[in-house]
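**Student:** Structure below; questions to follow.
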Amino acid sequence: MTKFGIVIGSIRKNSYSKGVADALVAGLPEDADVTYLNISNLPIYNQDYDENSPEVYTAFREQVAAQDAFIFVTPEHNRSIPAALKNALDIASRPWGQNSWAGKPALVASQSIGGTAGVLAHHVLRQSLVFLDMPTLQQPELYIGNTGNLADETGQITNDDTKAFLAGAAQKFVTFADKF
């Protein structure tokens, strides 16, 4: 059975990114092993810690290493990914030569309350995943715009068409991830 790690770029309570992630998870097989990785408690990466990493770094790296595939959902912050998400990518890719992300398939989704749907954050994240050696599902592209109109006050997606689209994308990702 594939172990799916879910990484949500937003650390905001009731985030739309979490709602999108939950809608994607709903499309995974019922018996899927799903772990939401917490990135909110990670201190800013510092190379000085490579030889004697904080326990929270070590625990996060181990959690990443234990997954078989990843679903990333991100909002767009100033035309890029949130600092917490970039920090998580850096922590689990270090120390040099010990990249915990390497070879693990990935699905990328971005969302925004605006019509641009986080397209720039989406591509910034994809660029980082290329460097981290993560094969990434190319289609469908998951740019979810106007999320405020698609979700309730808790951030959960309520629009049936959007839920169906995301569930279908997750099913396609399962097939993609099984190849690795």
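The values are calculated or read from the model by the stated rules, or taken from the named source; none is laboratory data. Because the structure is a prediction, the values reported are computed rather than measured. Positions of Cβ are generated from backbone atoms using ideal geometry, with glycine treated the same way; all protein chains shown enter the neighbour counts. Heavy atoms of the whole protein, side chains included, go into the accessibility calculation; ligands, DNA and RNA do not. Shrake-Rupley method; radii C 1.70, N 1.55, O 1.52, S 1.80 Å.
**Student:** On a 1.4 Å probe surface of the protein chains, which of 158, 58 comes out largest in accessible area, and what is the full order? Write down the numbers at each step before the final one.
**Tutor:** On the way: 158 70, 58 45 Å².
Per-residue accessible area, sorted high to low, gives 158, 58.
**Student:** If you put +1 on each Lys and Arg Cβ and -1 on each Asp and Glu Cβ, how big is the dipole of segment 64-151 around its Cα centre, in Debye rounded to 20? Before the final figure, lay out the partial values.
**Tutor:** Working: 5 positive and 5 negative charges, 27 e Å.
In debye, rounded to 20, segment 64-151 gives about 140.
**Student:** Of the chymotrypsin sites (Phe, Trp or Tyr not before Pro) in segment 83-176, which ones lie in a loop per DSSP and count no more than 16 other C-beta atoms within 10 Å?
**Tutor:** Those that pass, being in a loop and sparsely packed, are 96.
**Student:** Still on this structure, I have one more. Based on the alpha-carbon gyration tensor of segment 1-123 and its eigenvalue square roots a ≥ b ≥ c, which shape applies: rounded if a/c is under 1.5, prolate if not and a/b is larger than b/c, or oblate?
**Tutor:** Oblate.
**Student:** Roughly how many Å² is the accessible area per residue of segment 110-174, as a whole number, for a 1.4 Å probe? Walk me through the intermediate numbers first.
**Tutor:** On the way: 3140 Å² over 65 residues.
Heavy-atom accessible area per residue stands at 48 Å².
**Student:** Right, here's the next one. Sorting check: for 11-20, 103-112, which peptide has the highest mean count of neighbouring beta carbons within 10 Å, and how do the rest follow?
**Tutor:** Working: 11-20: 20.7, 103-112: 23.6.
Highest to lowest by the protection proxy: 103-112, 11-20.
**Student:** Still on this structure, I have one more. Could you name the lysines in cross-link range of residue 18, using Cα to Cα under 22 Å and dropping any fewer than eight places away on the same chain?
**Tutor:** Correct list for residue 18: 3, 86, 104, 163, 172.
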